[in-house]
Ligand SMILES: [Zn+2]
């Protein structure tokens, strides 16, 4: 009897500790237009957060069925779905692909409700998406759609079949280089130097994009190495993002001048005004790697 009591006590203690630990584990959802967008803009951060035990999900709002020079339709969507699933494994995240056509996304109520449901189902603490300033209409409208989902995720009468969140999450924007009407502001910058190789390996799963479509539309298809090891090395060179002075200044704020100077690869995020507004202390709780 005493043994049973001890066992029960042990069980109660371990489940209490587990739930206390889970309380500190944030739930992050990144939402991109295409099945390689979150990967490019937030993949390094996703690896770091997933390594810490956070629940991270990528969502592609379109199925990617227009992004190729010779393939199209269902065949292409299937290939890109498989690539996204493989990339998700390499990043350590779940990957969802919504069945909306690539290149034809509009900021409709229907897609807004799809996004509200995804954020609620994930019980997200943080939502990351593109800004609505971008050359690509799918990126632009994904930005609008996610902004439109902010606040609404907490309204029970909207999409009532999926229970509303009891809080408005923190909404962040991915980094971009667009200047009008206003340039990206790097409120948060994450050092991804140590996981850059892993990020590239995960991007390498998107064969149809990294080695076929993007080089074709960018007129550098002849530069892609044939050998698989060589082409991954080439990918690391071509996908490295230059750290802008504004991102470097943000790195200095969060990591200190000395450590910031050593950072070779970074990902930056801007706080959207429509979600919860985190203080610096709350940002450090979301991204513990920023605490020093
Ligand atoms: Zn895209």
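The values are calculated or read from the model by the stated rules, or taken from the named source; none is laboratory data. Computed from a predicted model, the values in this text were never measured in an experiment. Please note: Cβ atoms are built from the backbone with ideal geometry, for glycine as well, and neighbour counts cover all protein chains shown.
Tabulated data
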quantity: Enumeration of residues in region 27-44 that are closer than 19 Å to residue 119 by Cα and away from the ligand (no atom under 16 Å from the Cβ); calculated: 27, 28, 29
quantity: Members of region 117-128 found to be under 13 Å from residue 275 (Cα atoms) and more than 16 Å from the ligand (Cβ to nearest atom), listed by number; calculated: 119, 124, 125, 126, 127
quantity: Residue identified as farther than 22 Å from residue 238 by Cα, surrounded by fewer than 24 Cβ atoms within 10 Å (Cβ to Cβ), at pLDDT below 95 and under 23 Å from the mean Cα position of the chain (by Cα) among 22, 63, 100; calculated: 22
quantity: Residue under evaluation residue 180, criteria (1) part of a loop (DSSP other than H, G, I, E, B); (2) touching a residue at least 24 places away in the same chain (Cβ under 8 Å); (3) within 16 Å of the ligand (Cβ to nearest atom), criterion not met; calculated: (3)
quantity: Test: residue in region 174-183 that is over 30 Å from residue 259 (Cα atoms) and touching a strand residue (DSSP E or B) at 6+ places or on another chain (Cβ under 7 Å); calculated: no
quantity: Qualifying residues in region 47-67 (those that are within 16 Å of the ligand (Cβ to nearest atom) and outside any loop (DSSP other than H, G, I, E, B)) - the one farthest from residue 121 (Cα to Cα); calculated: 60
quantity: Within region 129-172, considering residues that are within 15 Å of the ligand (Cβ to nearest atom) and not in a helix (DSSP H, G or I), the one farthest from residue 109 (Cα to Cα); calculated: 135
quantity: Conditions (1) within 16 Å of the ligand (Cβ to nearest atom); (2) in contact (Cβ under 8 Å) with a residue 40 or more places away in the chain; number of the one not met by residue 98; calculated: (2)
quantity: Those residues of region 66-77 which are surrounded by 13 or more Cβ atoms within 10 Å (Cβ to Cβ) and more than 21 Å from the chain's Cα centre (by Cα), in sequence order; calculated: 66, 68, 71, 72, 76
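For (1) at pLDDT below 95; (2) surrounded by 13 or more Cβ atoms within 10 Å (Cβ to Cβ); (3) not in a helix (DSSP H, G or I), each residue gets a yes or a no:
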| residue | (1), (2), (3) |
| --- | --- |
| 232 | no, yes, no |
| 243 | no, yes, yes |
| 247 | no, yes, no |
| 253 | no, yes, no |
| 258 | no, no, no |
| 270 | no, yes, yes |
| 274 | no, yes, yes |
| 289 | no, yes, no |
